[in-house]
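Everything on this sheet refers to the single structure shown next.
The values are calculated or read from the model by the stated rules, or taken from the named source; none is laboratory data. Remember, predicted model here, so these are calculated numbers, not experimental data. Please note: Cβ atoms are built from the backbone with ideal geometry, for glycine as well, and neighbour counts cover all protein chains shown. Quick note on the areas: whole protein, heavy atoms, side chains included, nothing else; ligands and nucleic acids left out. Shrake-Rupley method; radii C 1.70, N 1.55, O 1.52, S 1.80 Å.
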Amino acid sequence: MHDHDLVLRPTEAQTRAALNPPPGRIGGDLVVETLRGLGATTVFGLPGQHALGMFDALRRSSMTYVGLRVENNAGFAADAYGRVTGEAAPLLLSTGPGALMSLAALQEAAAASAPVLAIASQVPTAGLGGGRHGHLHELRDQQGSFRDVVKSVHTVRSQSQIPSAIAAAWESALTAPHGPVWVEIPQDVLLAETRLPVVTAVDATPHDLVPRPELTAVAAELLTNAARPAIIAGGGVVRADAAGKLRALAERLDAPVVTTFGGKGAFPWEHPLSLQSWMEDRHTTDFLEDADVLLVVGSGLGELSSNYHTFRPRGRVIQIEADLGKLESNHPALGIHADARIALSALLETVGERTDPAAADSVRTVLAKVRERLAGQDLDVEQRILADVRAALPADAPSFWDMTILAYWAWSAWPGALHSAQGAGGLGYGFPAAIGAAAADPTRPVLAVSGDGGAMYSIAELATAKQYGLPVTWLIVDDGGYGILREYMTDAFGEATATELVRPDFVALAESFGVPAVRTSVESLREDLGKALAAPGPSVVVLPAVLRMFAPTHL
């Protein structure tokens with residue numbers, strides 16, 4: 001007899017329970033029971049007519065439900081929950097319009113490799129197959145709308161398929177590279193009474209993505225013998241929880257490290273080997289181009305991580321990347337398809353130690369050149385605002401940034417970890433994402449940063465933050481329009497079009513939701529923001545200011 005035979009054999013009590021499931025259960029209960037069996041504790045979403053079976057089952061569950069006001073915002077909240085916990089965040093959606101409203105959020109989750117488990121309803125089973133039956137919310141091919149966005153698609157046609165489909169989706173979402181997945185279940189399957197046994201523990205262990213040993217051996221040899229090694233650390237290091245291993249490798253090699261915007265927090269900001277995150281600076285780009293061996297971990301070296309594709313490495317590139325589509329997609333390299341943590345562990349086992357007293361001096365020289373470049377551009381206000389926001393935010397509190405000028409500053413200059421929508425670059429991420437993070441840990445404050453244009457995408461979620469009493473402070477930088485587009489158009493065409501916006505009195509609007517709000521100034525921002533973050537529940541701080549970007553170096 002094999003060990004697994006013993007594991008799979010049910011006890012007498014389990015057999016009795018399976019033969020006599022509790023009455024009153026429907027297909028939606030199988031969804032919720034499976035999620036609980038996988039370890040999920042919190043779900044996000046919005047109810048809709050076809051999805052009511054799932055939401056009724058929540059009533060019989062111990063799971064925490066966080067309901068947002070717009071599906072796209074619910075997707076952003078699930079994205080953030082997945083980023084901060086490393087768990088797959090369930091996102092419950094209805095058919096057709098409700099499902100489609102989540103697409104932009106799922107694109108961001110895909111671009112940022114955030115694990116989101118989207119479970120949507122479908123028209124009744126008889127309406128599947130592409131015929132035009134006239135069902136409410138009907139799409140000819142709903143899953144086809146998501147197939148180009150999500151990592152995997154899982155379709156259910158009977159109740160017995162629900163646990164396996166959700167488990168397979170969960171496993172897919174959490175196997176490197178993480179990402180959003182799509183499950184859809186017909187309305188009638190969710191609503192029908194079920195006599196299937198209660199779903200208990202569900203096994204959906206993600207697969208390890210292990211590097212080929214001959215490749216890590218070559219990489220270790222190249223790094224050990226390098227004269228001028230350097231490291232670019234991307235978001236894959238953060239997602240793999242591999243910052244400690246990255247630091248150990250950098251210190252063993254005396255190799256300077258720069259983090260991408262998605263990789264912020266992967267390396268200590270003030271470390272002697274830290275080039276920080278100045279990826280949009282030509283001094284940084286020049287330094288990285290001069291490396292004879294460049295180790296790229298968890299980054300595809302896309303547009304924002306390559307100074308808008310002006311980066312041209314002259315040395316040997318080693319690229320460790322879990323997303324096969326990103327491996328060598330922009331630069332020839334020794335490509336190692338692997339999870340960052342496992343690959344860095346393999347390198348640490350084999351790489352030799354090298355000492356380079358000049359490495360820290362080189363880092364200081366590059367950072368001094370960056371500061372000198374900025375000093376000549378009259379950007380003291382922008383740098384002061386960013387420093388004051390950092391000073392007001394508790395050290396361990398997470399921050400979520402919308403696509404706005406202050407966020408573009410933060411990508412380069414914010415000292416340490418942050419979360420933003422720079423994966424796909426859509427507006428409206430900051431505040432609903434902060435709600436998702438606060439739902440994951442309501443014991444600490446969370447900061448959201450938006451411009452006035454982006455804020456209008458998610459203003460309805462003030463009601464959500466108030467309803468659940470979540471400790472989210474929302475900093476809205478009000479410059480009267482789409483500020484960065486105003487800059488882009490003025491630079492390109494001499495004047496801007498369609499960038500100026502009529503907007504509400506954000507303070508009065510927040511207060512109408514019962515959310516405390518204050519209008520601040522550059523001089524009082526640190527104090528006002530600190531007070532808001534220290535207070536319980538949600539709050540809004542409005543900063544009227546027209547900010548400028550630092551001059552680009554890629555043109």
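Under 5 Å between amide hydrogens, built in the peptide plane, is the criterion, and for Ser420 it picks out Trp401 among residues at least 5 positions away or on other chains.
Counting only DSSP H runs of at least 4 residues, each contributing -39500 (n - 2.57), and dividing by the residue count of the chain, the helix-based mean residue ellipticity at 222 nm comes to -11500 deg cm²/dmol. Accessible surface area normalised per residue over the stretch 255-372 is 38 Å², counting heavy atoms of protein chains with a 1.4 Å rolling probe. Ordered from largest to smallest accessible area (heavy atoms of protein chains, 1.4 Å probe), the residues Met101, Met549, Met279 come out as Met101, Met549, Met279. Over the stretch 375-432, all Cα pairs binned in 5 Å intervals from 0 give whole-percent P(r) values of 4, 17, 29, 25, 16, 8, 2, 0, listed from short to long. Taking the Cα centre of the chain as origin and assigning +1 to Lys and Arg Cβ atoms and -1 to Asp and Glu Cβ atoms, the resulting dipole is close to 740 debye. A Förster radius of 60 Å combined with the Cβ-Cβ distance from Glu523 to Gln161 puts the calculated FRET efficiency at roughly 0.50. Amide H to amide H distances under 5 Å link Val317 with Leu294, Leu334, where only residues 5 or more positions off or on other chains count and H is placed in the peptide plane. 3J(HN,Hα) along the stretch 401-418: 10, 7, 7, 8, 4, 5, 5, 5, 5, 5, 3, 8, 10, 5, x, x, 5, 7 Hz, from the Karplus curve 6.51 cos²θ - 1.76 cosθ + 1.60 with θ = phi - 60°, whole Hz, x for Gly and Pro. Full extension of the chain between Arg132 and Asp203 yields a length gain of 21.7 nm, computed as 0.36 nm times the residue separation minus the alpha carbon distance.
Gain on full extension, evaluated as 0.36 nm per residue between Arg384 and Glu289 minus their Cα-Cα distance, stands at 31.1 nm.
Modelled this way, with points 7 Å down the Cα-to-C-beta line, the labels at Ser62 and Thr355 are 5.7 nm from one another. Take the Cα of Glu372, step 7 Å toward its Cβ, do the same at Thr11, and the gap between the two points is 7.2 nm.
Of all the accessible heavy-atom surface of the chain, with the other protein chains kept in place and a 1.4 Å probe, what percent is carbon and sulfur?
Its accessible area is 53 percent carbon and sulfur atoms.
The residue among His337, Ser521, Val66 whose Cα reaches farthest toward the positive pole of the charge dipole of the chain, with charges on the beta-carbon of Lys, Arg, Asp and Glu, is Val66. The separation of the stretch 320-352 from the stretch 385-420, counted between C-alpha centres, amounts to 29 Å. Rounded, prolate or oblate for the stretch 94-167? Axes are the square roots of the Cα gyration tensor eigenvalues, ordered a ≥ b ≥ c, and the cut-off for rounded is a/c under 1.5. Here the stretch 94-167 falls in the oblate category. Relative to the dominant Cα principal axis of the chain, helix 27-38 is inclined by about 50°.
Please determine, in degrees from 0 to 90 and to the nearest 10, the orientation of helix 71-85 with respect to the longest principal axis defined by the Cα atoms of the chain, where the helix direction is its Cα long axis. The answer is roughly 70 degrees.
Considering the zone a paramagnetic label at Arg314 would reach in this model (a point 7 Å from Cα along the Cα-to-Cβ line), which residues of the stretch 283-298 have amide N under 17 Å from it? Zone members listed by number: 283-295. Looking at the stretch 40-136, the accessible area is 31 square angstrom per residue; that uses a 1.4 Å probe and ignores ligands, DNA and RNA.
The simple Förster model, with R0 at 51 Å and r as the Cβ-Cβ distance, assigns Arg195 and Glu270 a FRET efficiency of 0.25. Among the protein heavy atoms, those of Trp182 account for about 0 Å² of accessible surface (1.4 Å probe, every chain in place). Here the extension length gained between Arg147 and Ala492 equals 120.6 nm, from 0.36 nm per residue of separation less the Cα-Cα distance. For the chain, the longest principal axis of the Cα atoms and the long axis of helix 380-392 meet at an angle of about 50 degrees.
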